[in-house]
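The values are calculated or read from the model by the stated rules, or taken from the named source; none is laboratory data. Computed from a prediction, not measured in an experiment: that's the story for all the values here. With ideal geometry, Cβ positions are generated from the backbone for all residues, glycine too; neighbour counts draw on all protein chains shown.
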Protein chains: 2
Amino acid sequence: MTQSLTIPRPDDWHLHLRDGDMLRAVLPETARDFGRAIVMPNLVPPVLTGADAQAYATRIADALPAGMEFTPLMTLYLTEETDPADVAAAHAAGIVTAAKLYPAGATTNSSSGVRDFTKIYPVLEKMAEIGMPMCVHGEVVDSDIDIFDREAVFIDRVLDPIRKEIPDLKVVMEHITTKNAVDYVKASTRNLGATITTHHLIINRNHILAGGIKPHYYCLPVAKREIHRLALRAAATSGDPRYFLGTDSAPHTDANKLQPCGCAGCFTATNTMPLLAHVFEEEDALDKLAGFASLHGPAYYGLPVNAGEMTLVKHDAAVDFPKAIDTVEGPVTVFDPGYPVHWSVA
Amino acid sequence: MTQSLTIPRPDDWHLHLRDGDMLRAVLPETARDFGRAIVMPNLVPPVLTGADAQAYATRIADALPAGMEFTPLMTLYLTEETDPADVAAAHAAGIVTAAKLYPAGATTNSSSGVRDFTKIYPVLEKMAEIGMPMCVHGEVVDSDIDIFDREAVFIDRVLDPIRKEIPDLKVVMEHITTKNAVDYVKASTRNLGATITTHHLIINRNHILAGGIKPHYYCLPVAKREIHRLALRAAATSGDPRYFLGTDSAPHTDANKLQPCGCAGCFTATNTMPLLAHVFEEEDALDKLAGFASLHGPAYYGLPVNAGEMTLVKHDAAVDFPKAIDTVEGPVTVFDPGYPVHWSVA
């Protein structure tokens, strides 16, 4: 007997597409399954202005293979010099959907990020006024704060003060990894949503560090202890519309992962939907997958649900996914959950 | 003005020398600075019997370059099949100094280790009777126990019951990494000592995981959060004779470190004594270095202090250490503390 599940075509509310050859290599992996994606602006140099975002959107459109349908939702990279008027104009023109706050140094290509958060209050106030969401990488970067505490400390020291100062600002906590963040979102009354990645529903920190060090499981924010993974699973499968899918899929070549200081990121674009079907089935929550992957994100962003559909099929035999995708820069390993998966996209 | 410090020639109470070409490559790095070392028995296949240990000691002697003086203190690898009579005979003959308990699967080449600890009680009782120490890798391996909890859980579930059952057994907790272990040793009244590695005095888990994943800082037991590093520093520099140096220096080639499942171990044989001088100076405890590196270990093992001396010299300029040592299998990266070091061995 074949089990199948049909849901509205999903979206990815946090995605790294990069640029040039890498963009051309990874874009089809996302466009095959997803209608839209919030595209991260942390290129080198970053996407700082409406003009930058417009140019990047054109490059993405040019890289899309013929016959594929995909809409990139562009974002701006917030810096202490971001011009509120430029942001508002780009948003009004429909060029950008959101702006992204990176604490300086928090993750890949974040050195242009914000050090003094009060300096961006004028642009955040403008965003609140025009209803433009702020996406945030929620980690402090102080070297004296333990890596596993950085998300919880960010909520207390940075995010909560910003939200109290500008309560009308619509916030998306990206790639939450802790029970602290789940609880913070749950306790909010308005203007707070959170994305959860595929890999944070599957791995905890033992997967990175027990029995050998596994750079392909390393991302930022780093996976935490099991209690946090369980809290993320409970949130994702709860049906609560404040939690939705953002894969944070990030293509780093094996050479850049397996080096003395390896890059942060997991590449999950290729197999996210089958993995999510596996996870939601494990949690006896397949009826909640449409909400998490297809409905809650558009609702939070004030966008329509995609018109198309996706059918996921469960097979008796385990499904083979590519171990890696080839790129001009070298192979990019596809996230391996470490167990057989029986679902595929029809 | 040149500062210098002369101490009795130190020993390394926990060392991996491997075998064959690797043994020849790494042995001089230890023999240059250390009089003796407790040599780990986790070869493939492991050092199981007195005859194995005798043969391995001969291979080590054969690999020692002419003109170098070094005495390997041999150990046996405890399994559920270890013969108490063979252990006692090897100890009586002066072939072996201690026996090592690895929980099965805890670290490199530990698959032959112990699963049911009660099965080794007869050999541990024999060791208690003849005054032969047990060295122990103190981590449980249960997949449901968080990697950062495994040492503390081992103390509660495994080590404390063994010590209560066989109070006359002399135990060395190897490479302790937690305040829990420091406190457990401190609270003991007899028959418990602990080795501390060079690298655990220098790095915490942020060094492995913040701003990129750094396999060269990965070892087992893995470095913990800062509070634990500070507890280890306080113990090592306290003058308490129950804490002494065991580098756990382990040569893995860069190819084996920088792979999808990288090997556990830091190679510190080359620069341990300058690094320790740096650490003890930072703690204003240079007067305690002789105890930690040269006196406490022999006292615990009931052996004489080495006859020779070592002088450490502090330079105005930072000292250069080799980035790696060459081996037939490929380069082995030398532990990099991440800051300039001004001490060298005279």
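Among what's in region B:237-278 and is closer than 26 Å to B:ASP19 by Cβ and among the aliphatic types (A, V, I, L, M), pick the residue that is nearest to the chain's Cα centre (by Cα).
B:LEU245
Looking at region A:142-164 only, could you name the residues that are within 14 Å of another protein chain (Cβ to nearest Cβ), touching a helix residue (DSSP H, G or I) at 6+ places or on another chain (Cβ under 8 Å), β-branched (Val, Ile, Thr) and more than 15 Å from A:HIS175 (Cβ to Cβ)?
A:ILE145, the sole residue that qualifies.
Starting from residues that are hydroxyl-bearing (Ser, Thr, Tyr) and touching a His at 6+ places or on another chain (Cβ under 9 Å), keep the ones in region A:214-244 and report whichever is nearest to A:ARG190 (Cα to Cα).
A:TYR243
If I ask for residues that are touching a Pro at 6+ places or on another chain (Cβ under 7 Å) and of a type in the set (S, T, N, Q), which ones from region A:52-90 would you list?
Matches in region A:52-90: A:THR75 only.
If you take the residues of region B:123-145 that are among the aliphatic types (A, V, I, L, M) and not in a helix (DSSP H, G or I), which of them is nearest to B:GLY105 (Cα to Cα)?
That would be B:VAL141.
Going by what's in this entry, would A:SER110 be described as within 11 Å of another protein chain (Cβ to nearest Cβ) and in contact with a Phe, Trp or Tyr (Cβ under 9 Å, 6 or more places away or on another chain)? Step through it out loud before you land on a result.
Working: within 11 Å of another protein chain (Cβ to nearest Cβ): yes; in contact with a Phe, Trp or Tyr (Cβ under 9 Å, 6 or more places away or on another chain): yes.
So A:SER110 passes the test.
For region A:118-140, name all the residues that are out of contact with any strand residue (DSSP E or B) (no Cβ under 6 Å at 6 or more places or on another chain) and closer than 23 Å to A:VAL222 by Cα.
Selection gives A:HIS137, A:GLU139, A:VAL140.
I'd like the residue in region A:183-213 that is in contact with a His (Cβ under 8 Å, 6 or more places away or on another chain) and crowded, with 23+ Cβ neighbours inside 10 Å and, out of all such residues, is farthest from the other protein chains (Cβ to nearest Cβ).
That would be A:GLY193.
Listed residues A:TYR121, A:TYR102; which is more than 18 Å from the chain's Cα centre (by Cα) and among the aromatic types (Phe, Trp, Tyr)?
None of the other options fit; the residue is A:TYR121.
Go through region B:325-336 and report how many residues are within 14 Å of chain A (Cβ to nearest Cβ), buried (at least 17 other Cβ atoms within 10 Å of the Cβ) and under 21 Å from B:ASP19 (Cβ atoms).
Final tally of qualifying residues: 3.
Identify all residues within region A:238-256 that are buried (at least 24 other Cβ atoms within 10 Å of the Cβ) and over 15 Å from A:LEU27 (Cα atoms); write none if there are none.
Within region A:238-256, A:TYR243, A:PHE244, A:LEU245, A:GLY246 meet the criteria.
Residue pairs, Cβ under 6 Å, 6 or more apart or interchain, first in region B:284-299 and at negative phi, second modelled with pLDDT under 95. List them.
none
Can you give me the number of residues within region A:224-254 that are out of contact with any strand residue (DSSP E or B) (no Cβ under 9 Å at 6 or more places or on another chain) and within 10 Å of another protein chain (Cβ to nearest Cβ)?
Selection size over region A:224-254: 4.
Given the conditions (1) aliphatic (A, V, I, L, M); (2) touching a strand residue (DSSP E or B) at 6+ places or on another chain (Cβ under 6 Å); (3) within 14 Å of chain B (Cβ to nearest Cβ), report the number of the one that A:LEU258 does not fulfil.
Going through the list (1) aliphatic (A, V, I, L, M); (2) touching a strand residue (DSSP E or B) at 6+ places or on another chain (Cβ under 6 Å); (3) within 14 Å of chain B (Cβ to nearest Cβ), A:LEU258 breaks only (2).
On the given criteria, is B:LEU27 within 30 Å of B:GLY291 (Cβ to Cβ), touching a strand residue (DSSP E or B) at 6+ places or on another chain (Cβ under 6 Å) and buried (at least 20 other Cβ atoms within 10 Å of the Cβ)? Break it down stepwise before answering.
Numbers: within 30 Å of B:GLY291 (Cβ to Cβ): yes; touching a strand residue (DSSP E or B) at 6+ places or on another chain (Cβ under 6 Å): no; buried (at least 20 other Cβ atoms within 10 Å of the Cβ): yes.
Judged against the criteria, B:LEU27 is not a match.
How many residues does region A:214-223 hold that are farther than 17 Å from A:VAL332 by Cα and within 7 Å of another protein chain (Cβ to nearest Cβ)?
Of the residues in that region, 1 qualify.
Quick check on B:ASP336: is it at pLDDT 95 or above, over 20 Å from the mean Cα position of the chain (by Cα) and not in a strand (DSSP E or B)?
No.
Residues that are within 15 Å of the chain's Cα centre (by Cα), farther than 14 Å from B:THR195 by Cβ and modelled with pLDDT of 95 or more: does region B:145-167 have at least one?
For region B:145-167, residues within 15 Å of the chain's Cα centre (by Cα), farther than 14 Å from B:THR195 by Cβ and modelled with pLDDT of 95 or more: absent.
Each row is one residue, and each column tells you yes or no for (1) within 28 Å of A:GLY212 (Cα to Cα); (2) of a type in the set (Phe, Trp, Tyr); (3) crowded, with 17+ Cβ neighbours inside 10 Å; (4) in contact with a helix residue (DSSP H, G or I) (Cβ under 9 Å, 6 or more places away or on another chain).
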| residue | (1), (2), (3), (4) |
| --- | --- |
| B:LEU76 | yes, no, yes, yes |
| B:GLU80 | yes, no, no, yes |
| B:ALA90 | no, no, yes, yes |
| B:LYS100 | yes, no, yes, no |
| B:SER112 | yes, no, yes, no |
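Residues being of a type in the set (Val, Ile, Thr) and touching an Asp or Glu at 6+ places or on another chain (Cβ under 7 Å): count how many of those fall in region A:56-76.
0
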